[in-house]
């Protein structure tokens, strides 16, 4: 059974379209055994998500989709808790990010190194808005590999996240780029996962998402 590892709720301000309970209810309707919540830049929806998972008998997976600056490149990275220790690490890391710079909270290499004890139980997903994705758009495979290798010292595990939203062209969220990400992973014997990086429940939610993007 497919498990969504990258899902945003309404707690992702100006991004997600539905609250956790509606998301989990839909997962239960499709008889999904587990589901992740990876809201953008915060964990505010985590408790309600877990409560909803208990209500619908779905196993919760907790994570966060963070703004990430690496080598001067602004990107995003998704971190998923691998255990109870991983949840504690997420809480501490998000707190550290917001404490370090409350006005412009962003994860950096310096913060990861400073708080390295908070990343040992985390899985890092490099998706469509990651620095690796940006490098692959430019066909800079050497840079993409260097970014992945740098993560080996920072995270317990990593994977390339391949996402297609059927976007036009060959950039992020296109099927062509998803294939490029998967090919990069296969060529370098790297773990890869297929993800929808979902923010909606139905295609009809598209206009709402468009308004949130304004």
- Restricting to the range 160-189, what's the tally of residues that are more than 16 Å from residue 139 (Cβ to Cβ), at pLDDT 95 or above, over 17 Å from the mean Cα position of the chain (by Cα) and surrounded by 14 or more Cβ atoms within 10 Å (Cβ to Cβ)? 1
- Query: Can you tell me which residue in the range 10-32 is surrounded by the most Cβ atoms within 10 Å (Cβ to Cβ), limited to those that are outside any helix (DSSP H, G or I), out of contact with any strand residue (DSSP E or B) (no Cβ under 6 Å at 6 or more places or on another chain) and on the phi < 0 side of the Ramachandran plot?
  - Reply: 16
- Index of the failed condition, residue 142 passing every other in (1) in contact with a helix residue (DSSP H, G or I) (Cβ under 7 Å, 6 or more places away or on another chain); (2) farther than 20 Å from residue 6 by Cα: (1)
- Item | Residue match in the range 83-93 (condition: out of contact with any strand residue (DSSP E or B) (no Cβ under 9 Å at 6 or more places or on another chain), at pLDDT below 90 and outside any helix (DSSP H, G or I)) | yes
- Across (1) at pLDDT below 95; (2) surrounded by fewer than 20 Cβ atoms within 10 Å (Cβ to Cβ); (3) touching a helix residue (DSSP H, G or I) at 6+ places or on another chain (Cβ under 9 Å); (4) closer than 29 Å to residue 172 by Cα, residue 115 clears everything bar (4)
- Hey, does the range 48-63 have a residue that's in contact (Cβ under 8 Å) with a residue 12 or more places away in the chain, crowded, with 21+ Cβ neighbours inside 10 Å and closer than 30 Å to residue 140 by Cα? yes
- Item | Pair list, Cβ < 7 Å and 6+ apart or interchain, from the range 147-164 residues that are on the phi < 0 side of the Ramachandran plot and in contact (Cβ under 8 Å) with a residue 60 or more places away in the chain to residues that are crowded, with 21+ Cβ neighbours inside 10 Å and in a helix (DSSP H, G or I) | 147/131; 147/132; 147/135; 163/178
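The values are calculated or read from the model by the stated rules, or taken from the named source; none is laboratory data. For clarity, every value in this text was computed on a predicted model and none was experimentally measured. Positions of Cβ are generated from backbone atoms using ideal geometry, with glycine treated the same way; all protein chains shown enter the neighbour counts.
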